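Reading through the structure tokens given below for one structure.
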Amino acid sequence: MLRTRRLLVVGLCCAGVTVALAAPPTATAQPVSAQPVSAQPVSAQPVYRLYYPFTDQHLQTVDPREASVLTTLVVLDGVRFVWQVERPTFDAYPSVGGGCATGLEPVYRLYSSDGDHLLTADPNERATLTRPGQSGWTAEGVAFCADRVEGGSTVPVYRILRADGREHFLTGDRQEWSRLVNVGWGGSEGVAFYAPAP
């Protein structure tokens, strides 16, 4: 019962974003290889981190419209659906025409048939998960762009797999990463990419 309800709620939230937004950056298909499209520097912007207590899920997005829609209260059959805003732990660069400026790498967002989202900077992971007939993941395009290497103003962004295997969580806060690993969240997947500090 909980599983069925979870799919309904997540489907409602995420589908509502797609319907409500004319052209969200993550809703359009992007080329398989996001080649550098500009040598011009781009400014970093906040990565909104949202939490949905009903399903214990996190969602990270650079799209303020998506964050606004998901944090707006919806009542369906007397049940309140609203995502909570959490403290951001890293910033990111917006994609430019579906690609990234020179020196930056794309971070892809995937959506699963189970209602989960996954962010990955690994093009091989993206290709494997979205291969037809494989695991039910759909590519949502380039979510944002990140640094390839650590620099003076960047922080490592860690990816952690929750112990139940239901979520890959990203954080740019080393103390948060350490605490989650120590309380049994699961295995650390290491540094996913580097990003500007918020």
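The values are calculated or read from the model by the stated rules, or taken from the named source; none is laboratory data. Not measured: the values here are computed from a predicted model. Every residue, glycine among them, receives a Cβ derived from its backbone with ideal geometry; neighbour counts consider all protein chains shown.
Every residue in the stretch 43-55 that is free of Cβ contacts under 8 Å to residues at least 60 places away in the same chain and assigned to a loop (DSSP other than H, G, I, E, B), please.
Residues satisfying the conditions are SER43, PRO53, PHE54.
Among the residues of the stretch 63-73, are any under 21 Å from SER153 (Cα atoms), at pLDDT 90 or above and assigned to a loop (DSSP other than H, G, I, E, B)?
Taking every residue of the stretch 63-73 in turn, none turns out to be under 21 Å from SER153 (Cα atoms), at pLDDT 90 or above and assigned to a loop (DSSP other than H, G, I, E, B).
Return yes when LEU129 is in contact with a His (Cβ under 7 Å, 6 or more places away or on another chain) and over 17 Å from ALA92 (Cβ atoms) and no when it is not.
no
How about the stretch 59-69: which of its residues are under 11 Å from TYR48 (Cα atoms) and either of a type outside the set (D, E, K, R) or loosely packed, with under 14 Cβ neighbours inside 10 Å (or both)?
LEU59, GLN60, THR61, VAL62, PRO64, ALA67, SER68
Would you check if there is a residue in the stretch 112-122 being in a strand (DSSP E or B), within 18 Å of SER95 (Cβ to Cβ) and polar (S, T, N, Q)?
Checked the stretch 112-122: at least one residue is in a strand (DSSP E or B), within 18 Å of SER95 (Cβ to Cβ) and polar (S, T, N, Q).
Going through TYR93, TYR111 one at a time, which residue ends up being within 13 Å of the chain's Cα centre (by Cα) and either buried (at least 16 other Cβ atoms within 10 Å of the Cβ) or within 30 Å of GLU150 (Cβ to Cβ) (or both)?
TYR111
With without any contact (Cβ under 8 Å) to a residue 12 or more places away in the chain and outside any strand (DSSP E or B) as the only criterion, which of GLY165, GLY133, GLY151, GLY186 stands out?
GLY133
What number of residues within the stretch 136-161 are of a type outside the set (Val, Ile, Thr) and surrounded by fewer than 17 Cβ atoms within 10 Å (Cβ to Cβ)?
7
Only one of GLY165, GLY133, GLY141, GLY115 is over 16 Å from HIS58 (Cα atoms) and either modelled with pLDDT under 90 or out of contact with any strand residue (DSSP E or B) (no Cβ under 8 Å at 6 or more places or on another chain) (or both); which?
Only one candidate passes the filter, namely GLY133.
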